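Comments concern the structure below.
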Amino acid sequence: MKEAMYYNKLKDDIVHCQLCPQFCMIKPGETGKCRVRKNQDGTLISLVYSQPCSAAIDPIEKKPLFHFFPGSKTFSISTVGCNLDCKACQNWEISQAKPEDVPAKEMKPEEVVEEALKHNCDSIAYTYIEPSIFYEYVLDIAKLARQKGLKNIMVTNGFLNPEPIKELYQYIDAANIDLKAFSDEFYKDMCKGRLQPVLDAIKQIKQMNVWIELTTLIIPGKNDDKIEIRQMCEWIKANVGDDVPIHFSRFFPCYKLLNIEPTPIDTLKKCYEIANKAGLKYIYVGNVVDTHFHQTVCPKCGMEVINRSHRYELEEVHLENSCCKFCKTKIAGMF
């Protein structure tokens with residue numbers, strides 16, 4: 001256990017967590033909504049520091065990150081817990097669990113870095129659940145990883161307060177941020193969160209020169225409204241730029257939404273068309289077999305500069321010094 005960062009001590013040993021926009025008021029012996037930050041006699045502690053329940057080697061494209069050192073390997077780690085409760089969570093077995101519910105293996109920050117280097121990974125990804133809930137662990141690993149030449153990646157819901165973002169993201173090189181919908185009603189009903197803090201976080205992280213890509217899981221009847229999708233794409237272009245890649249991901253029944261059918265392919269195609277019409281340059285569709293939607297296309301000449309298989313494995317790369325080999329146009333990203 002480790003003392004948590006970002007909280008205030010109040011009377012009667014109550015603590016007020018300042019890490020995320022939930023701002024949990026936590027009585028002695030209790031935890032916040034994330035279930036991993038506990039008030040122990042007036043001190044907020046992390047129950048999951050150095051306690052990952054999952055560690056694996058993934059292709060970077062699985063995060064998904066398509067414009068950040070494509071073809072490289074990333075060492076992925078996760079603990080249990082989350083500060084949201086998304087009805088469509090695909091990792092709900094660990095995101096909605098308590099630390100005592102899931103086996104964990106102790107890995108100190110230096111051991112995580114050693115494992116990443118041992119397996120010839122180029123980066124460490126904090127992923128699978130919302131990594132900001134194991135904030136102190138991420139921060140300590142990220143500092144060591146940077147010293148060893150490794151990149152740091154957050155796969156995140158973006159539901160984090162400005163000061164913690166400012167401190168952590170100076171050590172983060174890339175982030176895939178879930179922009180779950182462009183409706184506060186969706187966030188409240190489907191995630192038990194709010195939209196505006198996520199939008200604010202996306203802008204702040206972008207301003208810190210972190211490479212970002214966005215993902216939206218399209219759920220039939222929940223966040224697939226064409227007008228809402230258009231407004232979201234227009235917001236992205238206006239606030240973080242037309243070269244920020246967006247991944248529209250196909251929903252399959254899971255967790256609390258077992259009664260909803262998978263997203264129709266036509267719906268995903270329409271999202272692609274809306275994003276393209278809004279002026280976004282790099283648009284992808286995930287969880288589909290059609291590899292047409294996995295390719296990186298030069299926004300100027302229309303030629304495919306990165307070809308990926310349906311498993312996101314690289315097949316062909318037509319880049320020279322991060323530029324399209326055919327027309328020499330700069331392709332946004334880190335290659």
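Values quoted throughout were computed directly from the atomic coordinates according to the rules given, and no laboratory measurement underlies them. Bear in mind the structure is a predicted one, so any value in this text is a computation, not a measurement. Here the Cβ positions follow ideal geometry from the backbone for every residue, glycine too, while neighbour counts run over all protein chains shown.
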* In terms of modelled amide H atoms, which long-range or inter-chain residues lie less than 5 Å from the amide H of ASN287? -> ARG250
* Structure fact -> CD proxy, 222 nm, the chain: helix-only mean residue ellipticity via -39,500 (n - 2.57) per DSSP H run with n ≥ 4, per residue, nearest 500, stands at -6500 deg cm²/dmol
* To do: Could you tell me the convex hull volume per residue, in Å³, taken over the Cα atoms of segment 270-335?
  => 87
* To do: Indicate the gyration tensor shape class of segment 2-46 (rounded, prolate or oblate), computed on the Cα atoms with a ≥ b ≥ c the square roots of the eigenvalues: a/c under 1.5 is rounded; otherwise a/b larger than b/c is prolate and the rest oblate.
  => rounded
* Alpha carbon centroid spacing (whole Å) that separates segment 150-169 from segment 50-118 -> 15
* Structure fact -> Spelling it out for GLY193: with amide H atoms placed in the peptide plane at 1.01 Å from N, the residues 5 or more places away or on another chain with amide H under 5 Å from its amide H are LYS188
* To do: Quick one: which residues, 5 or more positions from SER78 or on another chain, have an amide H under 5 Å from its amide H? H modelled 1.01 Å from N in the peptide plane, none for Pro or chain starts.
  => CYS53, SER54
* Structure fact -> Using alpha-carbon positions, the gyration tensor of segment 55-153 gives root eigenvalues a ≥ b ≥ c; with a/c under 1.5 called rounded, otherwise prolate if a/b exceeds b/c, else oblate, the class is oblate
* State, as an integer percentage, the relative contact order of the chain based on alpha-carbon contacts under 8 Å between residues 6 or more apart. => 13
* Cα-only radius of gyration and Dmax that characterise segment 1-132, units Å -> 16.2, 53
* To do: Please give the residues of segment 31-73, grouped as numeric ranges, whose backbone N is less than 19 Å from a label point set 7 Å along the Cα-to-Cβ vector of ILE14.
  => 31-35, 37-45
* Structure fact -> Everything considered on the Cα gyration tensor (a ≥ b ≥ c; rounded for a/c under 1.5, else prolate if a/b is larger than b/c, else oblate), segment 207-300 must be described as prolate
* Which net charge results when you count Lys and Arg as +1 and Asp and Glu as -1 among the other residues whose beta-carbon is under 13 Å from that of LYS62? -> 0
* Structure fact -> Note, SER123: beta-carbon cut-off 15 Å, +1 each Lys/Arg, -1 each Asp/Glu, net +1
* For the cross-link pairs LYS62/LYS143; LYS11/LYS87; LYS270/LYS330; LYS87/LYS143; LYS256/LYS281, which exceed 31 Å when the distance is taken from alpha carbon to alpha carbon? -> LYS11/LYS87; LYS87/LYS143; LYS256/LYS281
* **Distance between segment 244-274 and segment 179-206 - C-alpha centres, whole angstrom** => 18
* Structure fact -> The value for the chain (convex hull of the alpha-carbon atoms, volume per residue, Å³) is 126
* Which one of PRO59, ILE133, CYS89 has its Cα pushed farthest toward the positive end of the charge dipole of segment 54-288, where Lys and Arg give +1 and Asp and Glu give -1 at the Cβ? -> PRO59
